[in-house]
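The values are calculated or read from the model by the stated rules, or taken from the named source; none is laboratory data. The shown structure was predicted, so the numbers you read here are calculated from the model rather than taken from an experiment. Every residue, glycine among them, receives a Cβ derived from its backbone with ideal geometry; neighbour counts consider all protein chains shown. What goes into the accessible areas is simple: the full protein's heavy atoms, side chains included, and nothing from ligands, DNA or RNA. Shrake-Rupley method; radii C 1.70, N 1.55, O 1.52, S 1.80 Å.
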Amino acid sequence: MSKAIVSSLYDSEVFRMACRQFDQAADAINLPDTIRDRTKYPRRCLAVSLPVKRRDGSITVFEGYRVQHNLSTGPSKGGIRFHQDVTLGEVAALAMWMSWKTSLVGLPYGGAKGGVIVNPNELSESELEHLSRRYMQEMVNFLGPNTDVPAPDVGTNEKIMGWMMDTYSNHVGHLSPAVVTGKPIALGGSQGRREATGAGVAYLVKKYLEDMKMPVADASVVIQGFGNVGSETAIALERYGAKIIAISDYTGGIYNHRGIDIKKALTYLRTQKTLVDFEGGEPISNNDLLELKCTVLVPAALERVITETNAAKLQCRLLAEAANGPTTNAADKIIEARGDIELIPDVLCNSGGVVVSYFEWLQNLSNYYWDRDEVMQKLFAILDKAKSAVDTQKDKFKFSRRLAALTLGIQRVADAKAARGLFP
Ligand code: NAD
């Protein structure tokens, strides 16, 4: 009998949610006590203070984190989030989900995540660069191509990954592109990485709609969050012929039952920075948007937006979790009991991002670069395999699709830990 002696360091709603998901999956596969807690809890974390000189000469100290959940199956992998609501518990939950995701899709990685408590929209470009470089500088002995490899997440992007890579490279004394993924192409970024997560979401949506005998060309789609993942999902689904009827960002949403012109929305966003006053439809709140009647609902912003309050009111046929952790445990139960909504769980749905990050890392390590078609072809082959494994597991054990995906990911991590033994 093992007993975890774990403090409340990570305690938060979202960490408890990730733990409840783990417990349910571990019970379902009878994970032995001897391996359960070792698989469940994060391996280690680092919290850092990040002083940044501001435009007015003052200094602000930001707080940053990195949580490495699992390193048993390879270097840990996971994005870095810049957002004002970041907590250590949230970062730990996101790191945990990365472990199950990389294992589910068969990548030679563990799971990690990073975050800084900051609203990046309030920083100048130079302040943002200083913050990003300082974060990497503080993490320099904790990260590396064979240890832990970050990538972009909410509030971070290619440019920030470029600054972080440059900072790390200066520290080690040579170019080290494989230390982060999601970099600009000019710095060793991969073709297709920018659109990978959204393209993967759209590909899986198309595949699941085919299974449901509902052509993607007839689908209406609602997307919450119009950043990297949300906008790339919209672009790819529009290309497949679907109609995007609502989109949103942190300021609110736009609804147009005839379909939103995604190109126009992106052009507007580039100049105006938010969707406020975009004239492609009527304004709608982020809450109302989730309850719109549609074929596909894609939460692509933050965690815990589908809750026991709105789960019974959803009017979609397919819920594609592009965001990490968008559905609470209570909402999960309601959706399962309803039985009229197919769900693509986050660890499968948004895995295209980490798959192409893996391709980027491989290209950096081998100094041999692939073209976009090769990247996309290999991405879709991996997604097909993961989808088929999840659906086989679901049918074999009569699991929900989330439970099927989690049990596959968790089992692989647990097997690796058991095979490695306990050191010392
Ligand atoms: P991003 O910063 O590019 O975009 C986030 C979007 O969400 C923005 O449009 C922002 O305005 C919006 N948003 C923020 N708060 C909101 C709120 N309260 N209500 C509605 N919208 C809100 O981030 P991203 O990289 O697109 O990440 C989105 C989600 O996808 C996150 O859950 C992230 O963990 C997940 N994800 C990202 C990747 C990746 O490759 N970037 C990979 C896998 C999963």
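For the reader, a short list of remarks on this structure follows.
- G253 over 27 Å from F15 (Cβ atoms), modelled with pLDDT of 95 or more and in contact with a helix residue (DSSP H, G or I) (Cβ under 9 Å, 6 or more places away or on another chain): yes
- Listed by first and then second residue, the pairs linking a residue in segment 149-176 that is in contact (Cβ under 8 Å) with a residue 24 or more places away in the chain to a residue that is part of a helix (DSSP H, G or I) and within 11 Å of the ligand (Cβ to nearest atom), with Cβ atoms under 6 Å apart and 6 or more places separating them unless they lie on different chains, are A151/S357; P152/M161; G155/P120.
- Filtered residue count, segment 38-65, keeping only those that are touching a strand residue (DSSP E or B) at 6+ places or on another chain (Cβ under 6 Å) and of a type in the set (G, A, S): 3
- Within segment 117-132, residues that are on the phi < 0 side of the Ramachandran plot reach partners that are at pLDDT 95 or above and acidic (D, E) with beta carbons closer than 6 Å, at six or more positions or on different chains, in the pairs I117/E63.
- Of residues in segment 143-189 being closer than 14 Å to A112 by Cα and away from the ligand (no atom under 16 Å from the Cβ), the one surrounded by the fewest Cβ atoms within 10 Å (Cβ to Cβ): N146
- Across segment 35-83, the qualifying residues are those that are touching an Asp or Glu at 6+ places or on another chain (Cβ under 6 Å) and of a type in the set (G, A, S), and the one among them that is surrounded by the most Cβ atoms within 10 Å (Cβ to Cβ) is S76.
- Selected residue [surrounded by fewer than 24 Cβ atoms within 10 Å (Cβ to Cβ), over 28 Å from R81 (Cβ atoms) and not aliphatic (A, V, I, L, M)] from Q377, Q363: Q377
- V356, sole failed condition from (1) more than 16 Å from the ligand (Cβ to nearest atom); (2) of a type outside the set (D, E); (3) under 27 Å from V14 (Cβ atoms): (1)
- Segment 226-261, subset within 12 Å of the ligand (Cβ to nearest atom) and in a loop (DSSP other than H, G, I, E, B), residue least open to solvent (accessible area, probe 1.4 Å): F226
- Subset tally (residues that are buried (at least 20 other Cβ atoms within 10 Å of the Cβ), more than 10 Å from the ligand (Cβ to nearest atom) and of a type in the set (S, T, N, Q)) for segment 284-331: 3
- Cβ-Cβ contacts under 8 Å between residues 6 or more apart (or on different chains), taken from a first residue in segment 299-311 that is under 14 Å from L289 (Cβ atoms) to a second residue that is more than 12 Å from the ligand (Cβ to nearest atom) and part of a loop (DSSP other than H, G, I, E, B), are listed as I306/L314; I306/T328; N310/E291.
- Of everything in segment 190-211 that is open to solvent by less than 10 Å² (accessible area, probe 1.4 Å) and hydroxyl-bearing (S, T, Y), the residue that is nearest to the ligand (Cβ to nearest atom) is S190.
- Residue match in segment 263-283 (condition: more than 12 Å from the ligand (Cβ to nearest atom) and under 22 Å from the mean Cα position of the chain (by Cα)): no
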